[in-house]
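Here is the structure we will look at.
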Amino acid sequence: MSDKKVRASALDEGRRSGDGRAFVGMPSFPEAAHEAVGDTTLRANLRHATHTIRDKRARAVAELDDWAALREAGKRIKDETLRHLDTHLLRLEAGVTDAGGTVHWAADAAEANRIVADLVRATGETEVVKVKSMATQEIGLNEHLEAEGIAAYETDLAELIVQLGEDRPSHILVPAIHRNRGEIRDIFAEKMGSWGRAAPEGLSDTPAELAEAARLHLREKFLRAKVGISGANFMVAETGTLVVVESEGNGRMCLTLPETLISVVGIEKVVPTWRDLEVFLQTLPRSSTAERMNPYTSMWTGTADEDGPRAFHLVLLDNGRTDALADEVGRQALRCIRCSACLNVCPVYERAGGHAYGSVYPGPIGAILTPQLRGTTSEIDASLPYASSLCGACYEVCPVAIDIPEVLVHLRERVAEEGGKGHRLEKAAIKAASWVLDHPNVLAAGERVASATRKVHPKRLPGPGARQWSDHRDLPELPAEPFRDWWRKNRT
Amino acid sequence: MRVALFVTCVNDAVFPSTGVATVRLLERLGVEVDFPAAQTCCGQPQFNTGYREETGPLVRRTVRAFEGYEHVVVPSGSCAAMVRHHYPSFGAEAAALGPRVHELTEFLVDVLGVTDVGAYFPHKVTYHPSCHGLRMLGLGERPRRLLEAVKGLELVELPGAEECCGFGGTFAVKNPDVSAAMGADKITNALSTGAGVLCGADNSCLLHLGGMLRRRQDPLRTLHLAEILASTEEEPWR
C-alpha cells in the first residue's frame with residue numbers, strides 16, 4: 001500500500017468509528033514507516049522542516065542562561081500538580097463556575113463528544129469554528145459532530161490544509177509539515193470552493209498568496225460562526241482562567257467572536273497559579289516555534305458582560321489520563337506541554353513521518369503517550385514503544401525533562417509481558433540468550449564454533465531478525481578467535 | 001595501577017581486536033590489566049528490549065565478575081551507560097559498580113590524566129560520537145582531544161555528528177527501514193568528509209555502519225578509537 005493509501009484507509013476507518021478511535025486498523029509502525037522511508041518528497045519536506053526548526057530552537061534556548069533552572073522548575077511544577085491533581089481541578093472548577101462558566105467532566109472520548117454535540121445542538125447551530133486543538137483531535141470530535149449533522153471548520157492555517165486535503169496531521173506544532181507549498185496550492189485551488197469561499201483564480205504557491213487565500217476563506221467563517229470550540233494550553237486553577245497560545249490570531253477570532261465557547265481540555269493541563277504559568281510561557285515558545293515570546297496569548301475567565309462569548313463551557317477530559325497517572329514511570333508523559341521539540345530532533349520521526357505513529361500525538365512523545373492513553377492491544381499501539389533507537393535526543397531538548405527513553409523501555413516491558421504477536425517467540429529467544437550469557441563456558445564454545453566456521457558464513461541470512469539485519473547490511477566477518485581465547489593464550 | 005577490562009560481549013565475539021588494542025594501549029601507559037573470565041554481557045540488549053527479568057542474572061554476574069576492582073575499563077560508551085544509569089534499579093550492590101566503571105576515553109582523560117597517548121596513525125579520520133556516550137555519559141570533547149593528539153592523524157569534522165546512526169540495538173531489526181535510512185544518511189555525511197576511516201567508540205554502531213559500508217562497497221572503513229590509540233610508529237595497527 002502506498003503511504004497516501006495508508007493515510008486514506010486509516011482516515012476512512014476513523015470516519016466510520018467516529019468516537020476517537022480514529023486510527024483503528026493502522027498498520028504497525030515499521031510497516032507504515034516502510035512506505036514513508038521510500039517517499040523521497042516526504043523525506044525531503046521533513047528533513048528541511050525539522051532541521052530548520054531544530055536549529056532555531058537551539059539558538060533561542062541558548063540565549064537564556066537560566067534555561068536549566070526553568071526546565072527543572074517546569075518539571076517540578078507539573079509533578080507537584082499531578083500529585084494533587086484532584087485538588088487543583090476542583091479549585092479550577094470553582095473558579096470557572098464563579099466566573100459564569102459551566103464545567104463538564106468527561107471520562108472518555110465518547111462522553112466528551114456527546115457533551116459537546118449536545119451543547120452545540122442546544123444552541124440550534126449546525127456550524128462551529130475551531131481553534132487548533134490536540135484534545136479534540138484525540139477524541140475524534142470533528143468526525144463525531146459530522147455524524148450529528150454539525151460542520152466543524154478548522155481555522156488554524158495548517159489544520160485548514162489538513163482538513164481540506166482530507167488528510168491527517170503529522171506534527172503537533174506544524175500539522176501539515178509533510179506538505180510543501182506546491183501541494184498546499186493544489187489543495188487550496190481544488191478544495192476551498194466546496195467548503196466555502198473558493199481560492200482566487202490563478203493562485204500561486206508563494207506564502208503571501210497562500211496566506212491571503214486562507215485569510216479570505218476563513219474570515220467568512222469567523223464572521224458567521226455562533227459557536228467556537230477550542231482546547232487550551234494551560235488552565236490556571238487559582239482564578240479559573242484558560243490560556244491558549246498560538247501564532248496566527250485565528251484562535252483569538254474563534255475565542256472572542258462566537259456567542260458560545262466550548263473548550264475541551266485534558267485534565268493534566270491545569271497549573272495551580274499564575275506564577276507557575278510564567279515558567280511555561282518562557283519555555284513553551286522557545287521550545288516550539290523558537291520565539292522569545294508567544295505572539296497571540298489569549299486568556300479568559302468564564303464570561304464577561306458586553307465582551308466575548310455569552311456562554312462558556314469547559315469539558316475536562318480524562319480519556320486514559322488517570323490510567324497514565326497511576327503508572328509511576330509512565331506518568332511523567334503527562335508533564336508534556338505539546339511543544340514538539342522532541343519531534344524536531346528525532347531521527348526516527350524525520351525518516352518515518354508523523355502518520356506512521358497512527359495517532360494525533362506523533363514522534364517520541366506520541367510513542368510514550370499514545371500507548372498509555374489507548375493501551376497496547378492494537379498492532380500500532382504495541383509497536384510504538386519500539387519506534388526509537390533510544391538515542392536520547394528527545395530527553396535532551398524536553399523543556400519539562402520527560403525521560404522519554406526511560407518510559408519507552410518501561411512500556412516495552414509492558415508489551416513484552418502481555419506477550420502479543422511475536423513477543424512470545426522473542427521472549428523465548430531472549431531467555432535462551434540470557435542463559436548462554438550466564439554460562440561463560442557455553443558462550444565461549446559457541447564463539448569458537450562461530451569463528452571456526454567463519455569462512456563458510458553467508459553475507460545474508462533468512463529468518464526473523466537475521467533477514468531484517470542482512471537486507472540492509474552485510475553480516476560481520478567473524479574473527480579467527482574470540483577475545484577470551486586471545487587473552488588465555490597471550491596473557492595467562 | 002591495576003584495572004579490570006570489561007571487554008563487552010560484542011567485542012569478545014566479533015571485535016576481539018578492539019579488546020587487544022585496549023590491552024596494548026593500557027599496558028603501554030603503565031596500567032596492569034586483568035580480564036576476569038566470568039564476565040559476559042552487561043544485559044543492555046535484554047533490558048532495552050523490555051526483558052528486565054532476563055536482565056537480572058546478567059547484572060548479578062557482571063557485578064560479581066568485577067568485585068574487588070577499583071577501576072573497570074570498558075571500550076564501549078553504551079555498556080558503560082547501561083551499568084552507570086540502569087544498574088542502580090537492580091539494587092544497591094549493582095549500583096555500587098556504576099562509579100567504578102569507566103568508558104575508555106573517560107579512564108584515559110579523567111583517571112590517567114592523559115590526552116597524548118603516544119599514538120601514531122597517519123590517516124584522515126572522522127569521528128562519530130555514539131549516542132549513549134554522548135548523551136548518557138557526557139563524554140564531550142574527550143574522544144576528540146585524544147584523536148587530535150595522535151601523531152600523523154588528520155581529524156575532519158563529521159557533519160550531523162550528533163545524530164544517531166540508526167543502530168539502537170534491537171531497533172536495527174525491529175525497524176529495519178528507518179534504521180537503514182538513518183545509517184545511509186550517516187554514511188553520506190561520513191563520505192562527504194573525504195576521510196578514509198570512520199572512527200567510533202562503540203563497536204555496536206560500527207557493526208551496523210560497517211555492514212552497510214561493505215554492502216555498498218564504499219571507500220571507507222570503520223575502526224574503534226582504541227585501535228587508533230593503540231597504533232604506534234613502532235607497531236602500527238592495520
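Here are A:Cys339, A:Cys346, A:Cys394: which of them is within 13 Å of another protein chain (Cβ to nearest Cβ), touching a Cys at 6+ places or on another chain (Cβ under 9 Å), more than 19 Å from B:Pro176 (Cβ to Cβ) and buried (at least 24 other Cβ atoms within 10 Å of the Cβ)?
Every option except A:Cys394 fails the conditions.
Hey, any hits in the stretch B:190-211 for a residue that's within 14 Å of chain A (Cβ to nearest Cβ), over 19 Å from the mean Cα position of the chain (by Cα) and more than 24 Å from B:Leu104 (Cα to Cα)?
There is no residue in the stretch B:190-211 that is within 14 Å of chain A (Cβ to nearest Cβ), over 19 Å from the mean Cα position of the chain (by Cα) and more than 24 Å from B:Leu104 (Cα to Cα).
Just checking, how many residues over the stretch B:45-62 are surrounded by 24 or more Cβ atoms within 10 Å (Cβ to Cβ), small (Gly, Ala, Ser) and more than 7 Å from chain A (Cβ to nearest Cβ)?
Result for the stretch B:45-62: 0.
I'm told A:Ser133 meets every condition in (1) in contact with a Ser or Thr (Cβ under 9 Å, 6 or more places away or on another chain); (2) more than 26 Å from A:Leu284 (Cα to Cα) except one. Can you identify the failing condition by its number?
Every condition holds for A:Ser133 apart from (2).
Here is a yes/no grid of residues against (1) among the aliphatic types (A, V, I, L, M); (2) outside the structural domain of A:Leu160 (by TED's automatic domain parsing); (3) assigned to a helix (DSSP H, G or I):
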residue	(1), (2), (3)
A:Asp186	no, no, yes
A:Met192	yes, no, yes
A:Leu203	yes, no, no
A:His217	no, no, yes
A:Glu220	no, no, yes
A:Glu238	no, no, no
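Among the residues in the stretch B:106-121, are any small (Gly, Ala, Ser), under 30 Å from A:Val397 (Cβ atoms) and touching a residue at least 60 places away in the same chain (Cβ under 8 Å)?
no
Kindly check whether there is at least one residue in the stretch B:112-121 that is within 18 Å of the chain's Cα centre (by Cα) and crowded, with 24+ Cβ neighbours inside 10 Å.
No - not one qualifying residue is present in the stretch B:112-121.
If we only count strands (runs of 3 or more DSSP E) wholly inside the stretch B:88-184, which ones have 3 or more residues that are over 16 Å from B:Ser78 (Cβ atoms), away from chain A (no Cβ under 14 Å) and at pLDDT 95 or above?
B:124-128, B:154-156
Looking at the stretch B:2-45, which of the residues that are touching a strand residue (DSSP E or B) at 6+ places or on another chain (Cβ under 7 Å) and part of a loop (DSSP other than H, G, I, E, B) is farthest from B:Leu58 (Cα to Cα)?
Going through the qualifying residues, I end up with B:Val31.
Table: residues versus (1) over 28 Å from B:Ile187 (Cα atoms); (2) more than 8 Å from chain B (Cβ to nearest Cβ).
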position: A:Ala401; (1), (2): yes, yes
position: A:Glu406; (1), (2): yes, yes
position: A:His410; (1), (2): yes, yes
position: A:Ala416; (1), (2): yes, no
position: A:His423; (1), (2): yes, yes
position: A:Lys427; (1), (2): yes, no
position: A:Val442; (1), (2): yes, yes
position: A:Arg460; (1), (2): no, yes
position: A:Leu478; (1), (2): no, no
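So which residues in the stretch A:340-363 are small (Gly, Ala, Ser), assigned to a loop (DSSP other than H, G, I, E, B) and in contact with an Asp or Glu (Cβ under 9 Å, 6 or more places away or on another chain), if there are any at all?
If we filter the stretch A:340-363 for residues that are small (Gly, Ala, Ser), which is where we start, we get A:340-341, A:352-354, A:356, A:358-359, A:363.
Pick out the ones that are also assigned to a loop (DSSP other than H, G, I, E, B) and you get A:340, A:353-354, A:358-359.
The answer is A:Gly353, A:Gly358, A:Ser359.
Here is a list: B:Asp185, B:Asp202, B:Asp177, B:Asp218. Which entry is on the phi < 0 side of the Ramachandran plot, buried (at least 23 other Cβ atoms within 10 Å of the Cβ) and of a type in the set (D, E, K, R)?
On the way: B:Asp185 fails: buried (at least 23 other Cβ atoms within 10 Å of the Cβ); B:Asp177 fails: buried (at least 23 other Cβ atoms within 10 Å of the Cβ); B:Asp218 fails: buried (at least 23 other Cβ atoms within 10 Å of the Cβ).
Step by step, each of B:Asp185, B:Asp202, B:Asp177, B:Asp218 is checked, and only B:Asp202 is on the phi < 0 side of the Ramachandran plot, buried (at least 23 other Cβ atoms within 10 Å of the Cβ) and of a type in the set (D, E, K, R).
Any residue in the stretch A:260-273 that is more than 24 Å from A:Gly140 (Cα to Cα) and surrounded by 18 or more Cβ atoms within 10 Å (Cβ to Cβ)?
Within the stretch A:260-273, the first condition is being more than 24 Å from A:Gly140 (Cα to Cα), and the residues that meet it are A:271-273.
Then drop every residue that is not surrounded by 18 or more Cβ atoms within 10 Å (Cβ to Cβ), which leaves A:271-272.
Taking every residue of the stretch A:260-273 in turn, at least one turns out to be more than 24 Å from A:Gly140 (Cα to Cα) and surrounded by 18 or more Cβ atoms within 10 Å (Cβ to Cβ).
Of the conditions (1) surrounded by fewer than 15 Cβ atoms within 10 Å (Cβ to Cβ); (2) in contact with a Leu (Cβ under 9 Å, 6 or more places away or on another chain); (3) farther than 29 Å from A:Asp39 by Cβ, A:Val116 satisfies every one except a single condition; which number is it?
Here A:Val116 meets the rest and fails (1).
From B:Gly166, B:Gly152, B:Gly194, B:Gly160, which residue is surrounded by fewer than 19 Cβ atoms within 10 Å (Cβ to Cβ) and under 15 Å from B:Leu209 (Cβ atoms)?
Values: B:Gly166 fails: surrounded by fewer than 19 Cβ atoms within 10 Å (Cβ to Cβ); B:Gly152 fails: under 15 Å from B:Leu209 (Cβ atoms); B:Gly194 fails: under 15 Å from B:Leu209 (Cβ atoms).
Sole residue among the options that is surrounded by fewer than 19 Cβ atoms within 10 Å (Cβ to Cβ) and under 15 Å from B:Leu209 (Cβ atoms): B:Gly160.
The values are calculated or read from the model by the stated rules, or taken from the named source; none is laboratory data. As the structure is a computational prediction, the values presented were derived from the model and not from experiment. All Cβ positions, glycine included, derive from the backbone under ideal geometry; neighbour counts span all protein chains shown.
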